[in-house]
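Asker: To start, I am sharing the structure in question, which I have written as structure tokens.
The values are calculated or read from the model by the stated rules, or taken from the named source; none is laboratory data. For clarity, every value in this text was computed on a predicted model and none was experimentally measured. Neighbour counts are summed over all protein chains in view; Cβ atoms, including those assigned to glycine, are modelled from backbone coordinates with ideal geometry. Surface areas here come from the heavy atoms of the whole protein model, side chains and all, with no ligands, DNA or RNA. Shrake-Rupley method; radii C 1.70, N 1.55, O 1.52, S 1.80 Å.
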Amino acid sequence: MRDIDEARRFYTGLLGCPEGRSSTEWVDFNLFGHQFVCHLNRDLGPQGRIGAHYNPVDGQGVPVPHCGVVLEMERLAVAGGAAVKRHQVQFVIEPYIRFQGEPGEQATLFFLDPSGNALEFKAFKDIDAQLFAT
């Protein structure tokens, strides 16, 4: 992260992730039941962003690397799409249904945090049956 306070505003304020332990160099967030740690990277500078490249998946350019969060459909609509749109965060991939009609059909969306870290939020109708379906 380029700025720990900026990370707090984004992850706590926008996404509603409770903060855990922290220091001046890092902060833990509860990202929907998972520990997500943001470390300060002074090399980015105050306006810097992490570079990314994109791999083609289902006709979209998926940012690499990225962190994925799997939610229930109802939580995805609130936590992912609605919150991101309300705060005018730019989507890398707008919300849509990926792999429609296939075993891995999923609702998905991608956006970047202020430092350029790519986040994917996805949901399945039946997480247990579909998450790792081939």
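Asker: Could you point to the residue in Val62, Gln100, Ala133 farthest towards the positive end of the chain's charge dipole, with +1 and -1 charges on the Cβ of Lys/Arg and Asp/Glu respectively?
Answerer: In the chain, that residue is Val62.
Asker: Okay, moving on. Please turn the phi angles of the stretch 112-117 into ³J(HN,Hα) values with the Karplus equation 6.51 cos²θ - 1.76 cosθ + 1.60 (θ = phi - 60°), one per residue in order, whole Hz, x for glycine and proline.
Answerer: Each residue of the stretch 112-117 in turn: 10, 7, x, 8, x, 6 Hz.
Asker: Return a whole-number percent for the relative contact order of the stretch 1-55, with Cα pairs under 8 Å and 6 or more residues apart as the contact set.
Answerer: Relative CO of the stretch 1-55 lands at 37 percent.
Asker: Nearest 20 debye, what's the magnitude of the dipole of the chain about its Cα centre given +1 on Lys and Arg Cβ and -1 on Asp and Glu Cβ?
Answerer: Dipole of the chain, to the nearest 20 debye: 320 debye.
Asker: Build a GNM of the chain with springs between Cα atoms under 10 Å: which of Arg75, Arg49, Arg86 gets the top mean-square fluctuation?
Answerer: Ranking Arg75, Arg49, Arg86 by mean-square fluctuation puts Arg86 first.
Asker: Moving on. Treating the beta-carbon of each Lys and Arg as +1 and of each Asp and Glu as -1, no other charges, what is the dipole magnitude of the stretch 63-134 about its Cα centre, to the nearest 20 debye?
Answerer: Its charge dipole is roughly 240 debye.
Asker: Now for a different question. Taking Cα extents along the principal axes in Å straight from the coordinates, which label in (i) 60, 34, 24; (ii) 46, 28, 27; (iii) 48, 33, 26 is the correct one?
Answerer: Computing Cα extents along the principal axes in Å and matching it to (i) 60, 34, 24; (ii) 46, 28, 27; (iii) 48, 33, 26 gives (ii).
Asker: Using a 1.4 angstrom probe and counting only protein chains, how large is the accessible area of Glu19 in Å², to 10?
Answerer: The accessible area of Glu19 comes to roughly 80 Å².
Asker: Still on this structure, please answer the following. Measuring from label point to label point, each 7 Å out along Cα→Cβ, what is the Ile97 to Glu74 span in nm?
Answerer: My value for the distance between the label points is 2.0 nm.
Asker: Got a sec? Charge dipole of the chain, +1 on Cβ for Lys and Arg, -1 for Asp and Glu; which of Gly13, Phe121, Gln47 is way out at the positive end?
Answerer: My answer, from the dipole projection, is Gln47.
Asker: While we're looking at this one, here's another question. At 1.4 Å probe size, what's the solvent-accessible area of Tyr96? Round to the nearest 10 Å².
Answerer: Number for this one is 50 Å².
Asker: I would also like to ask the following. For labels at Val37 and Arg49 in the simple 7 Å Cα→Cβ model, what's the distance in nm?
Answerer: So the label points at Val37 and Arg49 sit 2.7 nm apart.
Asker: Roughly how big is the stretch 1-72's charge dipole about its Cα centre, with Cβ charges of +1 (Lys, Arg) and -1 (Asp, Glu), in debye to the nearest 20?
Answerer: In total the dipole reaches around 140 debye.
Asker: Here's something else I'd like to know. Suppose all protein chains stay in the model; what accessible area per residue would a 1.4 Å probe give for the stretch 73-134, in Å²?
Answerer: Result: 54 Å² of accessible area for each residue.
Asker: Right, here's the next one. At 1.4 Å probe size, put Ile127, Ile4 in order of accessible surface, largest to smallest.
Answerer: Accessible-area ranking of Ile127, Ile4, largest first: Ile127, Ile4.
Asker: Tell me the accessible surface of Thr24 in square angstrom (1.4 angstrom probe, heavy atoms of protein chains only), to the nearest ten.
Answerer: Counting only protein heavy atoms, the figure is 110 Å².
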